[in-house]
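Take a look at the structure set out below.
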Amino acid sequence: MQIDRRAALAVFALTFGACATTGKGVLNVVSSPARSGLFFTLKVADTFRRLPRITIPIEDKTIATRDVFVEADARGVVRRAVIVQLETVVPGSDFRFRYPAEPPQTLGNKAYRFTGFAFDDARDAAAAPGKEADRTRALLLQQHLKPPRVWQAVRLARVHDPYGLTEVIVFYLENADLHFATGPLPDADEDGDAPLDAATKTRMLAALRRAVTVLND
């Protein structure tokens, strides 16, 4: 089925417009819309700077919104980032989010699927124009920031509602350029992601939990 992206974006904007939270003291708060009593509210540490939200259509099946928060040095080099992504099925699509929270980790009272990996962000952005990496990297550059070539990341993901219509992902990322020389990442899989050792994943998960506070889930 061919989906009218403009119509889908309009529906998405109406549905998720309430996610934007502004005002003194709540600038780093991200809330999903209340829908059938399903909602959450996250607070990202004030040491992170919030950037403008981006909306990304994905393969005529879903639309993602990304709230991006960064810590950068005096030169604008991004050292750390948190991304809160809500992805929802567009009207008319039969796609559904269906996966277990395995391997499980918790954030607040909810179980998430936990993964950790390193990836060549510059390569991913160049390989898929208009997709998540490209749009996010472009946002950083537009804000006069300097993103790394390589990120190391941990990721918590869960299906947000019982109908499989919405997914929530929380990323915590660290600049990993000092850890990887120029060229392909060692032991990368077919998607270009390289594994992180268990100790690094454990440390980064703890850093994610310090950076992101669950106010309501």
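Quick notes on this structure:
- Only one of Pro100, Pro162, Pro148, Pro91 that is buried (at least 21 other Cβ atoms within 10 Å of the Cβ), part of a loop (DSSP other than H, G, I, E, B) and either charged (D, E, K, R) or over 14 Å from the mean Cα position of the chain (by Cα) (or both): Pro148
- Cβ separations smaller than 6 Å between residues 6+ apart or across chains give the following pairs from the range 112-127 residues that are in contact (Cβ under 8 Å) with a residue 40 or more places away in the chain to residues that are in a helix (DSSP H, G or I): Gly116/Lys201; Asp124/Ala133.
- Condition met for Asp46 (buried (at least 19 other Cβ atoms within 10 Å of the Cβ), of a type in the set (Asp, Glu), at pLDDT 95 or above and closer than 26 Å to Leu173 by Cβ): no
- Residue in the range 185-200 that is hydroxyl-bearing (Ser, Thr, Tyr), under 25 Å from Ile56 (Cα atoms), in contact (Cβ under 8 Å) with a residue 12 or more places away in the chain and not in a strand (DSSP E or B) present: no
Every residue, every condition in (1) over 20 Å from Gly164 (Cα atoms); (2) among the acidic types (Asp, Glu); (3) at pLDDT below 95, yes or no:
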{"site": "Val68", "(1), (2), (3)": "yes, no, no"}
{"site": "Ala72", "(1), (2), (3)": "yes, no, no"}
{"site": "Val77", "(1), (2), (3)": "yes, no, no"}
{"site": "Arg80", "(1), (2), (3)": "yes, no, no"}
{"site": "Gln85", "(1), (2), (3)": "no, no, no"}
{"site": "Pro91", "(1), (2), (3)": "no, no, yes"}
{"site": "Phe95", "(1), (2), (3)": "no, no, no"}
{"site": "Pro104", "(1), (2), (3)": "no, no, no"}
{"site": "Asn109", "(1), (2), (3)": "no, no, yes"}
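- Out of Thr182, Thr115, one residue alone is more than 18 Å from Ala72 (Cβ to Cβ) and in contact with a helix residue (DSSP H, G or I) (Cβ under 9 Å, 6 or more places away or on another chain). It is Thr115.
The values are calculated or read from the model by the stated rules, or taken from the named source; none is laboratory data. Computed from a predicted model, the values in this text were never measured in an experiment. For neighbour counting, all protein chains shown are included, and Cβ atoms are generated from backbone atoms with ideal geometry for every residue, glycine included.
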